[in-house]
1. Just to verify a result, which residue in the range 96-108, among those that are of a type in the set (A, V, I, L, M) and part of a helix (DSSP H, G or I), is nearest to F175 (Cα to Cα)?
2. Starting from residues that are within 14 Å of Q47 (Cβ to Cβ) and assigned to a loop (DSSP other than H, G, I, E, B), keep the ones in the range 149-178 and report whichever is farthest from the chain's Cα centre (by Cα).
3. Evaluate the range 66-78: report whether one residue or more is assigned to a loop (DSSP other than H, G, I, E, B), on the phi > 0 side of the Ramachandran plot, in contact (Cβ under 8 Å) with a residue 24 or more places away in the chain and exposed (fewer than 15 other Cβ atoms within 10 Å of the Cβ).
4. Let me confirm something: among R17, R13, R59, R22, which residue is under 23 Å from Q168 (Cα atoms) and either basic (K, R) or in contact with a Leu (Cβ under 6 Å, 6 or more places away or on another chain) (or both)?
5. Go through the range 165-191 and report how many residues are farther than 26 Å from R48 by Cβ and surrounded by 10 or more Cβ atoms within 10 Å (Cβ to Cβ).
6. Give just the number: which of (1) more than 23 Å from R17 (Cα to Cα); (2) modelled with pLDDT of 95 or more; (3) surrounded by fewer than 17 Cβ atoms within 10 Å (Cβ to Cβ); (4) not β-branched (V, I, T) does S162 not satisfy?
7. How many residues does the range 109-136 contain that are touching a Phe, Trp or Tyr at 6+ places or on another chain (Cβ under 9 Å), in a loop (DSSP other than H, G, I, E, B) and surrounded by fewer than 16 Cβ atoms within 10 Å (Cβ to Cβ)?
8. Hey, can you tell me all the residues within the range 1-37 that are within 29 Å of P109 (Cα to Cα), surrounded by 12 or more Cβ atoms within 10 Å (Cβ to Cβ) and among the aliphatic types (A, V, I, L, M)?
Amino acid sequence: MQHKFFAFLSRMRYIGRWGLMRNTFEENVQEHSHMVAVLAHALAVIQRDILHQPADPDRCAAAALFHDASEILTGDLPTPVKYYNPEIKQAYKAIEAMSCEKLLALLPPELQASYRPLLFESDPDAARIVKAADKLSAYIKCVEELKAGNCEFEAAEKQTFSALKQMQLPCLDYFMDHFLDSFRLTLDELN
């Protein structure tokens, strides 16, 4: 019997992000998930190696790779719609959960227990780091769009930066203080 889980995951690249915004360059869920995994890993390493607090970088990176997997079946609902009111937010969370259950059912039963914690993040510490990395990825997208002259992202950049500051996560604050400004540089300036 052929199982379809990984074939579905490969379709993340067909799901566009920022659907209500004019984009200078398109971003898909697969690209976004990769960046979130890189950032979640970095935040966890900072937390473990610089701040000397417990963190599992590998767990955070793996969880980040799957954090938007439900969107394979739901599509990417723009944030202003997703969080418009508590009823829509709750309904969308239920739809995401059903999507994850459907994805799990596409795996052999012997593998489902290993993937369940990735699709339904069960570690609150990892979930907090992945959430921060997800927001950080969105902020970096805004910075890149503004750098390209796309003022469509001005309000999103301000709102996302404020949300990052409100998270009060020391590893995130460290990343923002030591790495974030470099995303504003040109290639020549990075060399």
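1. Applying the first criterion (of a type in the set (A, V, I, L, M)) to the range 96-108 yields 97-98, 103-107.
Checking the rest, the ones that are also part of a helix (DSSP H, G or I) come to 97-98, 103-104.
On the way: A97: 31, M98: 34, L103: 33, L104: 34 Å.
If we take residues in the range 96-108 being of a type in the set (A, V, I, L, M) and part of a helix (DSSP H, G or I), then A97 is nearest to F175 (Cα to Cα).
2. Q168
3. Just the residues of the range 66-78 that are assigned to a loop (DSSP other than H, G, I, E, B), to begin with: 67-70, 75-78.
Filter once more, so that each one left must be on the phi > 0 side of the Ramachandran plot: 75.
Next, only the ones that are in contact (Cβ under 8 Å) with a residue 24 or more places away in the chain stay: 75.
Keeping just the survivors that are exposed (fewer than 15 other Cβ atoms within 10 Å of the Cβ) gives 75.
Within the range 66-78, one or more residues are assigned to a loop (DSSP other than H, G, I, E, B), on the phi > 0 side of the Ramachandran plot, in contact (Cβ under 8 Å) with a residue 24 or more places away in the chain and exposed (fewer than 15 other Cβ atoms within 10 Å of the Cβ).
4. Numbers: R17 fails: under 23 Å from Q168 (Cα atoms); R13 fails: under 23 Å from Q168 (Cα atoms); R22 fails: under 23 Å from Q168 (Cα atoms).
Only one candidate passes the filter, namely R59.
5. Residues of the range 165-191 farther than 26 Å from R48 by Cβ: 184-191.
Next cut, surrounded by 10 or more Cβ atoms within 10 Å (Cβ to Cβ) only: 184-185.
So the count comes out to 2.
6. (1)
7. Of the residues in the range 109-136, 0 are touching a Phe, Trp or Tyr at 6+ places or on another chain (Cβ under 9 Å), in a loop (DSSP other than H, G, I, E, B) and surrounded by fewer than 16 Cβ atoms within 10 Å (Cβ to Cβ).
8. Once the filter is applied, which keeps residues that are within 29 Å of P109 (Cα to Cα), surrounded by 12 or more Cβ atoms within 10 Å (Cβ to Cβ) and among the aliphatic types (A, V, I, L, M), the range 1-37 yields L9, M12, I15, V29, V36, A37.
The values are calculated or read from the model by the stated rules, or taken from the named source; none is laboratory data. Quick caveat, the model's predicted, so the values are computed rather than measured. Positions of Cβ are generated from backbone atoms using ideal geometry, with glycine treated the same way; all protein chains shown enter the neighbour counts.
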